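Notes to accompany the following structure.
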Amino acid sequence: MAMLGPISVLNYLQILSRHGILVKDGRVLESLRQVDTVVFDKTGTLTLEQPTVGQIHCLGDYDENTLLSYAAAAEYRQPHPIAQCHFVAGNHKGLPLRQWH
């Protein structure tokens, strides 16, 4: 019967990791029953690192789709999440990758 405690903690650690929650030590789970407040101190703690394009402000004669198409073409091979969000937004709208000379 002494093994049931550690096995259940391991089970919970596995479930949490499947959902992207990493717990360094099973003792942390056991101490959670004493927690009454949680404070997050850092930007990005609760984000998915999948930014999206919220608004496009056009200057000059360019329309929103043209600007997004150029941005997607310029950054579609870049691994950075912000570069990828331009490509994903343009692709979602079915915009072609614009070429420039």
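The values are calculated or read from the model by the stated rules, or taken from the named source; none is laboratory data. Remember, predicted model here, so these are calculated numbers, not experimental data. No Cβ is skipped: glycine too gets one built from the backbone with ideal geometry, and neighbour counts run over all protein chains shown.
One residue is enough: does segment 49-69 have a residue meeting the conditions within 21 Å of the chain's Cα centre (by Cα) and among the aromatic types (F, W, Y)?
Looking for residues that are within 21 Å of the chain's Cα centre (by Cα) and among the aromatic types (F, W, Y), one finds none in segment 49-69, hence no.
Restricting to segment 56-96, what's the tally of residues that are part of a loop (DSSP other than H, G, I, E, B) and among the charged types (D, E, K, R)?
4
Please determine whether any residue of segment 29-40 is more than 30 Å from I15 (Cα to Cα) and free of Cβ contacts under 8 Å to residues at least 60 places away in the same chain.
no
Please count how many residues of segment 12-26 are more than 17 Å from the chain's Cα centre (by Cα), at pLDDT below 85 and exposed (fewer than 10 other Cβ atoms within 10 Å of the Cβ).
1
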